[in-house]
Amino acid sequence: MGRVLLIRVGVYAAYPALRAGLRALLEGADNLAVVATLAPGPSAIPPEVDVIVADFESSAERFDAPPGAVVVALVATVAQGVALLAGGAPPLGLLLREAEPGEVAAAVRAVAVGLVVIDPAIARQALRDRRRPPEPGDETPDPLTAREIEVLGLVATGLPNKAIGLRLGITENTVKFHVATILGKLNAASRAEAVMLGARHGILPL
């Protein structure tokens, strides 16, 4: 059996008690090691951190993570999570603060390998908000091909490119090409935004 990958985690929160709570929550999880504790304001993030678990006090709060950082955000309410999604490219993980310790640990493991994890209640509300009737000035996206719709549907399930390729019998590079084309046609900045826009325009079912 292969060696279990150790995921190095940094925790971020506004208050010392919250930071201590996040550390305690994650330190007992299998194959996770908390290696950094981060507070608001300028702070250097150690290069050995693989995933940052951040407790957001408000939807307006912005965590100054470095480009490309993998973040699991914990929010207090569904509305706060939807606002965070609407504010730009979302973190790879987005959970309610009430999530069980096992759920947070599972989200960390998932995002560490490139998957997207969004609490179902947040995802459903975000999709409902996206499916409003078109307004004057809304741009209609270029139509997706049947294959692109298949790929987008599998992206919506959280599968990475390699798994999508295996499911469809195509190479990983071909999947990457399809994903890039989908993002361009939908004018989406991320895979998660492409899924939400696909649902909004009726390309994907709710």
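The values are calculated or read from the model by the stated rules, or taken from the named source; none is laboratory data. For clarity, every value in this text was computed on a predicted model and none was experimentally measured. Please note: Cβ atoms are built from the backbone with ideal geometry, for glycine as well, and neighbour counts cover all protein chains shown.
If the condition is being in a strand (DSSP E or B) and under 13 Å from Ala54 (Cβ atoms), then segment 12-33 contributes only Tyr12. For segment 165-173, does any single residue satisfy the condition of being under 19 Å from Ala199 (Cα atoms), touching a helix residue (DSSP H, G or I) at 6+ places or on another chain (Cβ under 9 Å) and at pLDDT below 90? Taking every residue of segment 165-173 in turn, none turns out to be under 19 Å from Ala199 (Cα atoms), touching a helix residue (DSSP H, G or I) at 6+ places or on another chain (Cβ under 9 Å) and at pLDDT below 90. Being aliphatic (A, V, I, L, M), crowded, with 19+ Cβ neighbours inside 10 Å, at pLDDT below 90 and not in a helix (DSSP H, G or I) is not true of Leu197. Is one or more of the residues making up segment 130-150 under 18 Å from the mean Cα position of the chain (by Cα), in a helix (DSSP H, G or I) and at pLDDT below 85? Taking every residue of segment 130-150 in turn, at least one turns out to be under 18 Å from the mean Cα position of the chain (by Cα), in a helix (DSSP H, G or I) and at pLDDT below 85. Screening Val108 against (1) among the hydrophobic types (A, V, I, L, M, F, W, C); (2) under 23 Å from Asp30 (Cβ atoms); (3) at pLDDT 90 or above; (4) surrounded by fewer than 20 Cβ atoms within 10 Å (Cβ to Cβ) leaves a single unmet condition, (4).
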